[in-house]
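Undergrad: Here it is, the structure in full.
The values are calculated or read from the model by the stated rules, or taken from the named source; none is laboratory data. Just so it is clear, the structure is predicted and the values come from calculations on it, not from any experiment. Neighbour counts run over all protein chains shown; Cβ positions are idealised from the backbone, glycine included. The protein model used for the area step is the full one, side chains on, heavy atoms only, and it has no ligands, DNA or RNA in it. Shrake-Rupley method; radii C 1.70, N 1.55, O 1.52, S 1.80 Å.
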Amino acid sequence: MLALKRDFAGAAVAFARYFDAGPGHWADRATVTLACQVHELEVLYGRDAADAMIGEVLGAAYREVADQDRRTLLAERIGGLAVRDDGWRPVETSVARLAVRRDEAVAADAIFRFDIADIAALRAKIPHARHGGLDAN
């Protein structure tokens, strides 16, 4: 929610702490959650907003993630998101570029979208959002 309100710094700190604190086995799901969030920002506000979030998460990774291995993993995966193609999709990008297992990527995407019957209708309710530009799915 912080990122949707354009509080990228606050969202980045919260995500970095989340990535650092959870059990190691769910790093893939956390990565895909970040990819889904970045994708939503890009759809709603454009690539510059998504890039700003990526930059904030990278900085927060170095400031907030205490575990060196997790910090390195998060930084590598953020780097993969930074070079995403136009029209990218979170699941496919996570598998192809971020070394996330497909089953974990699909599960994380489903959790991210849980209980949202129509994401386009939800996006329409967010004030000042730039809708379009990328496929809503």
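Undergrad: What's the number of the only condition in (1) exposed (fewer than 15 other Cβ atoms within 10 Å of the Cβ); (2) closer than 14 Å to ALA11 by Cβ that GLY87 fails to meet?
TA: Failed condition: (2).
Undergrad: Only one of these is without any contact (Cβ under 8 Å) to a residue 40 or more places away in the chain and out of contact with any Gly (no Cβ under 6 Å at 6 or more places or on another chain): ALA60, ALA66, ALA50. Name it.
TA: On the way: ALA60 fails: without any contact (Cβ under 8 Å) to a residue 40 or more places away in the chain; ALA66 fails: without any contact (Cβ under 8 Å) to a residue 40 or more places away in the chain.
Every option except ALA50 fails the conditions.
Undergrad: Can you tell me which condition PHE15 does not meet? The list is (1) in contact with a Leu (Cβ under 8 Å, 6 or more places away or on another chain); (2) open to solvent by 50 Å² or more (accessible area, probe 1.4 Å); (3) not basic (Lys, Arg), and all the others hold.
TA: (2)
Undergrad: Among the residues of the stretch 58-84, write down those that are surrounded by fewer than 20 Cβ atoms within 10 Å (Cβ to Cβ) and not in a helix (DSSP H, G or I).
TA: Hits for the stretch 58-84 are ALA66, ASP67, VAL83.
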